[in-house]
1. Given contacts defined as C-alpha pairs under 8 Å and at least six residues apart, what's the relative contact order of the stretch 101-172, whole-number percent?
2. Under a point-charge model restricted to the Cβ atoms of Lys and Arg (+1) and Asp and Glu (-1), what is the dipole moment magnitude of the stretch 91-200 relative to its Cα centre, in debye to the nearest 20?
3. Through the Karplus equation 6.51 cos²θ - 1.76 cosθ + 1.60, θ set to phi - 60°, convert the phi angles of the stretch 65-75 into ³J(HN,Hα) values in whole Hz; use x for Gly and Pro.
4. Identify, among Ala91, Ala122, Gly102, the residue whose Cα sits farthest towards the positive end of the charge dipole of the stretch 84-164, taking +1 on the Cβ of Lys and Arg and -1 on the Cβ of Asp and Glu, with the dipole about the Cα centre.
5. What's the magnitude of the charge dipole for the stretch 95-149 around its Cα centre, counting Lys and Arg as +1 and Asp and Glu as -1 at the beta-carbon? Answer in Debye, nearest 20.
6. Could you give me the ³J(HN,Hα) list for the stretch 21-33, computed from phi with Karplus coefficients 6.51, -1.76, 1.60 and θ = phi - 60°, whole Hz, x at Gly and Pro?
7. By how many nm would the segment from Ala118 to Ala37 lengthen if fully extended, with 0.36 nm per residue of separation less the alpha-carbon distance?
8. Ranking request for peptides 102-114, 193-205: highest mean number of other beta-carbon atoms within 10 Å first, then the rest in descending order.
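The values are calculated or read from the model by the stated rules, or taken from the named source; none is laboratory data. Remember, it's a predicted structure, so these values are computed and weren't measured experimentally. Backbone-built Cβ (ideal geometry, glycine too); neighbour counts: all protein chains shown. Surface accessibility is based on the protein's heavy atoms, side chains included, excluding ligands, DNA and RNA. Shrake-Rupley method; radii C 1.70, N 1.55, O 1.52, S 1.80 Å.
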Amino acid sequence: MHVESQSLNLVSHATDLLVVLVPEGQAAAAIVGLDAADGFAGALAALVAAEEYGGKASAALHLPTLGRIAARWVSLIGLGKGSVGELRNAAGAAGRYARGKGLRTVSFCFPGGAPEGAGQRAVLEGVAEGNYLFDRYKPVAGRKAELESVTLLGSTLDVEASRRALATVAGQRLARDLVNDQPAEVYPESLAAAAVALGGGDLTVTVLDEQQLREKGMN
């Protein structure tokens, strides 16, 4: 998954899914940039009012843009009070929606203020976790595309937070794949092979056979 940051221009930013993370009670303020004359021209505010959308934690409003802005879809997703956990959950909701639609690029806007460090890491981990789907045994024609890139709008990318997030996501994905796979594919020898494949650099992998396990009293 590619990660980058860009300047904030909601109307002209091209992406499959534009996610506006809405602090609770601030929906009207959060959509001002989208609802300008060159965007939704007030239609979005009318819809938010009609739906009584208030930005409660993980509450979502998903809409096609109908060509009014450069993004194909826009999602308003509630942040609640804006804690790191709520950031993660909101990003997870965006990831699930993107996978359900087969959308490849997602961009996040933060009207309540761009997150740094742990907040950016929560967003990246959350969207990847939500986007995960084990579909290895589905016909290729029936699979939904997974996420290829994430853009943080109006933020300066925290490179270290991004590196740690992507490493965590890779580990989670491997673990989830192993748990979800068929018993015929996941057995002691294949688990050992998966562990060995992770070796290299600062990581050394040692595989013990049955006799060695008994000698160590591991039973």
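1. Across the stretch 101-172, relative contact order equals 56 percent.
2. Details: 13 positive and 12 negative charges, 80 e Å.
Here the size comes out at about 380 debye.
3. 8, 6, x, 6, 10, 6, 5, 7, 10, 10, 10
4. Gly102
5. Numbers: 9 positive and 6 negative charges, 75 e Å.
Its charge dipole is roughly 360 debye.
6. So the J values, rounded to whole Hz, are 8, 9, x, 4, x, 10, 4, 4, 5, 5, 9, 3, x.
7. Working: separation 81, 0.36 × 81 = 29.16 nm, distance 3.55 nm.
Taking 0.36 nm per residue and subtracting the Cα distance, the gain is 25.6 nm.
8. On the way: 102-114: 20.2, 193-205: 10.2.
Per-residue Cβ counts within 10 Å, averaged per peptide and sorted highest first, yield 102-114, 193-205.
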